[in-house]
Every structure is written in C-alpha cells, then in structure tokens.
Amino acid sequence: MTAQENILAQLEHLIEHGAVPKSACSGSLLKFVQPLLDAEVLVEERSGGGRRLAVRDAAALRNFCQHKFPNAPVSAGGSTRVSGVARFRDSKTFASNTPEIVVVRAWREDALLLNNQPTFAAAATAQHGIFSFLLNHGPD
C-alpha cells in the first residue's frame, strides 16, 4: 500500500466512524489533515485517557477527500502515471510501468546501433539537435 493509499484508507475510516484515536494516526496523515484541523473540520479532543481526531463537518471532510482523491475512471491497461493522477492527483504515487526515454546527441551514424544497423541518430541530431528513443524490455 502506498503512502497515499494509506492516507485515503485512514480518511475513509475517519468518515465512517466519526473519530479515530490519535495514536492510530500516522504522522503523514496528521500533516495531510492540518488544513482541516485549522478550519475545525476535524478537531483533536480528549477521549478517555488519550486523544482522538473527531469529525465536526462531515460534508466538508467528504468534499476535501473528493478533491484530493478524485478516483476518476481510467481505461484498463493504462499507464500507472495516469492512474496515479486519476486517483490521487499525483503521477508518482505508483511505480512507473512505462518505458524510459533516452535522449542522446550523436555525430556519427555508427555511434548508436539497433540490431547491428545504424539508427540515424546523427541525422536526427543534426536536424533536431537531439535523438530520443524508448528503452523497454523486449519479449522474454
């Protein structure tokens, strides 16, 4: 579970139960909800021998969660970067499943070969100032 997924799960638990013990809240959650504490959407209060976070304005909390975690639909088999933005507004939430882009400048056609054949990297460098390609794993 990523840090963002953990925060979302804790917020959903808070919405469902109305309060959670402060000792059960991660430091990242407390930092994330600081604006809600400042606005008194959430409040910290005594509970038994400890403290807890309690919901004062459930509608505002749900609105905040919807804004931060939109969970927009994405097509199946899409990029993890797109999924991260759609769910958490953060492209780096999930590890990337897209090929790496390699950028080079070449002055000789034999500087970069693909299957022992020139890639025309020098011509692309001369015309565009750079040559780029995707570095991905071939079939296993």
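One residue is enough: does region 59-72 have a residue meeting the conditions farther than 26 Å from Val85 by Cα and in contact (Cβ under 8 Å) with a residue 40 or more places away in the chain? First the steps, then the outcome.
Keep residues of region 59-72 that are farther than 26 Å from Val85 by Cα, which gives none.
Scanning region 59-72 turns up no residue that is farther than 26 Å from Val85 by Cα and in contact (Cβ under 8 Å) with a residue 40 or more places away in the chain.
Which of the following residues is surrounded by fewer than 12 Cβ atoms within 10 Å (Cβ to Cβ), of a type in the set (A, V, I, L, M) and within 22 Å of Leu42 (Cβ to Cβ): Ala59, Ala95? Steps first, please.
Working: Ala95 fails: within 22 Å of Leu42 (Cβ to Cβ).
The match here is Ala59.
Could you say which residue among Ala54, Ala86 is surrounded by 14 or more Cβ atoms within 10 Å (Cβ to Cβ), among the small types (Gly, Ala, Ser), in contact (Cβ under 8 Å) with a residue 24 or more places away in the chain and closer than 30 Å to Leu14 by Cβ? Can you show your working first?
Details: Ala86 fails: in contact (Cβ under 8 Å) with a residue 24 or more places away in the chain.
Being surrounded by 14 or more Cβ atoms within 10 Å (Cβ to Cβ), among the small types (Gly, Ala, Ser), in contact (Cβ under 8 Å) with a residue 24 or more places away in the chain and closer than 30 Å to Leu14 by Cβ holds for just one of Ala54, Ala86, which is Ala54.
Please go through (1) in contact with a Leu (Cβ under 9 Å, 6 or more places away or on another chain); (2) surrounded by fewer than 14 Cβ atoms within 10 Å (Cβ to Cβ) for Gly48 and return the number of the only condition it doesn't satisfy.
(1)
Just need a number here: residues in region 111-135 that are in contact with a Leu (Cβ under 8 Å, 6 or more places away or on another chain) and outside any loop (DSSP other than H, G, I, E, B). Quick ask: steps written out before the conclusion?
Our first condition is that a residue be in contact with a Leu (Cβ under 8 Å, 6 or more places away or on another chain); within region 111-135, this holds for 118-119, 121, 131.
Keeping just the survivors that are outside any loop (DSSP other than H, G, I, E, B) gives 118, 121, 131.
Residues flagged as in contact with a Leu (Cβ under 8 Å, 6 or more places away or on another chain) and outside any loop (DSSP other than H, G, I, E, B) within region 111-135 amount to 3.
Which one is nearest to Ser23 (Cα to Cα), of the residues in region 33-44 that are free of Cβ contacts under 8 Å to residues at least 24 places away in the same chain and in contact with a Leu (Cβ under 9 Å, 6 or more places away or on another chain)?
Taking the candidates together, the pick is Glu44.
If I ask for residues that are within 28 Å of Gly84 (Cα to Cα) and out of contact with any strand residue (DSSP E or B) (no Cβ under 6 Å at 6 or more places or on another chain), which ones from region 34-54 would you list?
So the first thing to find is which residues in region 34-54 are within 28 Å of Gly84 (Cα to Cα), and the list is 34-39, 41-42, 53.
Within region 34-54, Gln34, Pro35, Leu37, Asp38, Ala39, Val41 meet the criteria.
If I ask for residues that are hydrophobic (A, V, I, L, M, F, W, C) and exposed (fewer than 11 other Cβ atoms within 10 Å of the Cβ), which ones from region 98-140 would you list?
The first filter runs over region 98-140 and keeps only residues hydrophobic (A, V, I, L, M, F, W, C), leaving 101-104, 106-107, 111-114, 120-124, 126, 130-131, 133-135.
The answer is Ile101, Val103, Trp107, Leu114, Leu134, Leu135.
Out of the helices (runs of 4 or more DSSP H) lying entirely within region 1-110, which hold 2 or more residues that are outside the structural domain of Thr125 (by TED's automatic domain parsing) and within 27 Å of Asn136 (Cα to Cα)? Outline the logic, then answer.
Working: elements: 3-17, 27-32, 34-38, 58-68, 80-88.
Where helices (runs of 4 or more DSSP H) fall fully within region 1-110 and carry at least 2 residues being outside the structural domain of Thr125 (by TED's automatic domain parsing) and within 27 Å of Asn136 (Cα to Cα), they are 80-88.
The values are calculated or read from the model by the stated rules, or taken from the named source; none is laboratory data. Quick caveat, the model's predicted, so the values are computed rather than measured. When we count neighbours, we look across all protein chains shown, and the Cβ atoms used for this are built from the backbone with ideal geometry, even at glycine.
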